[in-house]
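A quick write-up on the structure given underneath.
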Amino acid sequence: MKNYQIDNLDQAILTELINDARIPYSEIAKRNRVSPATIHVRVEKMRSAGIIAGTRLQINAKQLGYDVCCFIGITLRHAGDYPTAIEKLEKLEEVIEAYYTTGQYNVFIKIMTPSINDLQHVLINRIQSIEEIQSTETLISLQQPINRDIQP
């Protein structure tokens with residue numbers, strides 16, 4: 001079912017679920033004038049096609065005391081160091097996203113820490129100490145004015 005083409009109803013369903021993943025299928029059905037069974041079938045088809053990859057709880061990191069968000073561009077010593085470096089970075093709980101990139105950096109990561117002191121500790125003692133990493137550049141995020149998923 002890899003070639004599943006979404007239609008207007010699928011788009012409406014995805015929009016509703018993006019806005020509130022906990023919305024009952026019956027409510028989506030009522031808003032779109034179809035049966036709840038139709039919504040269920042459509043959602044299952046989009047799951048099977050890989051369009052819907054799952055649902056997750058969104059946590060407000062600031063409310064948990066994580067006040068510092070930053071992005072770190074990483075240059076590896078050798079291109080072949082990528083798998084080992086990623087394996088080591090994955091073990092660091094502060095690393096919440098990682099991307100294999102083209103351009104100036106081999107890897108670009110996003111980390112969250114409670115404070116600048118914690119950031120300094122993680123950067124010096126945990127990230128820069130990874131032997132596969134040649135250098136890093138850190139960009140501290142001041143705010144996140146846009147945070148959204150792709151629209152169907």
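The values are calculated or read from the model by the stated rules, or taken from the named source; none is laboratory data. What you see is a predicted model; the values in this text were computed from it and never measured. No Cβ is skipped: glycine too gets one built from the backbone with ideal geometry, and neighbour counts run over all protein chains shown. Calculation scope for accessible area: heavy atoms of the full protein, side chains included, ligands and nucleic acids excluded. Shrake-Rupley method; radii C 1.70, N 1.55, O 1.52, S 1.80 Å.
Assorted remarks:
- Counting only alpha carbon atoms, the long axis of helix 8-19 and the longest principal axis of the chain meet at about 50°.
- Relative contact order of region 3-122: 21 percent, from C-alpha pairs under 8 Å at least 6 residues apart in sequence.
- The slack between Tyr100 and Asn60, meaning 0.36 nm per residue of separation minus the straight C-alpha distance, is 11.8 nm.
- Cα→Cβ-extended label distance, 7 Å offset, between Asp20 and Ser129, nm: 4.8
- Shown here for region 1-109: GluC sites (Glu not before Pro) in loop regions (DSSP other than H, G, I, E, B) with at most 15 other Cβ atoms within 10 Å, namely Glu93.
- Nearby lysines by direct alpha-carbon distance to Lys110 (threshold 29 angstrom, same-chain neighbours under 8 apart not counted): Lys62, Lys88, Lys91
- For volume of the Cα convex hull per residue in Å³, calculated from these coordinates, the label among (1) 142; (2) 154; (3) 240: (2)
- Angle in degrees between helix 36-48 and the longest Cα principal axis of the chain, rounded to the nearest 10: 40
- Low-density loop cleavage sites - trypsin sites (Lys or Arg not before Pro) in region 1-64, where at most 13 other Cβ are within 10 Å (DSSP): Lys2, Arg22, Arg33, Arg56
- Global size of region 84-140 as Cα Rg and Dmax, reported in angstrom: 10.8, 30
- Accessible surface of the chain, 1.4 Å probe, proportion on carbon and sulfur as whole %: 49
- Estimated from helical segments only, the mean residue ellipticity of the chain at 222 nm is -9000 deg cm²/dmol, where each DSSP H run of four or more residues counts as -39500 (n - 2.57).
- Net charge over other residues, Cβ less than 14 angstrom from the Cβ of Arg77 (K, R count +1; D, E count -1): -2
- A 1.4 Å probe run over the chain, with the rest of the protein chains in place, finds 70 Å² accessible per residue.
- Here's the list of aspartates and glutamates a cross-link from Lys45 could span, going by alpha-carbon distance under 13 Å and ignoring same-chain residues fewer than 8 apart: Asp7, Asp10.
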